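One structure coming up, written as C-alpha cells, with questions to follow.
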Amino acid sequence: MHLWDYQKTKKKTLKKDEIWYLRRMLTYGLNGDKLDEKMVKRNWHEIKDTIPPNTRAVLELLIWDKPF
C-alpha cells in the first residue's frame, strides 16, 4: 500500500498508528502488500466496525472460519 501522507518507517510505532494503518489498508486496498494476520487478530475488536462489511465478512471467513 502506498502511504502518501505517512512515513513508512513509523507505521508500526504506536498502537493507534497500527490500527490506523490496518483500517487504511483494508479500506483502500493492499496494493500488492501482504496483510499481517497477527496484526489483524490483535486489533480486530477495534477495526471490525470501521472496515467495509464485505471486507469484514471475508476476513472472518478466512481467519476464524465463520460463515456469512
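Can you say whether P52 is in contact with a Ser or Thr (Cβ under 8 Å, 6 or more places away or on another chain) and loosely packed, with under 14 Cβ neighbours inside 10 Å, as far as the supplied structure shows?
Criteria met by P52.
Go through the range 36-50 and count every residue that is assigned to a helix (DSSP H, G or I) and either over 8 Å from the mean Cα position of the chain (by Cα) or among the basic types (K, R) (or both).
8
Can you tell me how many residues within the range 13-44 are within 16 Å of A57 (Cα to Cα) and among the hydrophobic types (A, V, I, L, M, F, W, C)?
Of the residues in the range 13-44, 6 are within 16 Å of A57 (Cα to Cα) and among the hydrophobic types (A, V, I, L, M, F, W, C).
Of the residues that sit in the range 20-34 and are part of a loop (DSSP other than H, G, I, E, B) and either among the charged types (D, E, K, R) or at pLDDT 90 or above (or both), which one is surrounded by the most Cβ atoms within 10 Å (Cβ to Cβ)?
The selected residue is D33.
The values are calculated or read from the model by the stated rules, or taken from the named source; none is laboratory data. Just so you know, these numbers come straight off a predicted model, no measurement behind them. Neighbour counts are summed over all protein chains in view; Cβ atoms, including those assigned to glycine, are modelled from backbone coordinates with ideal geometry.
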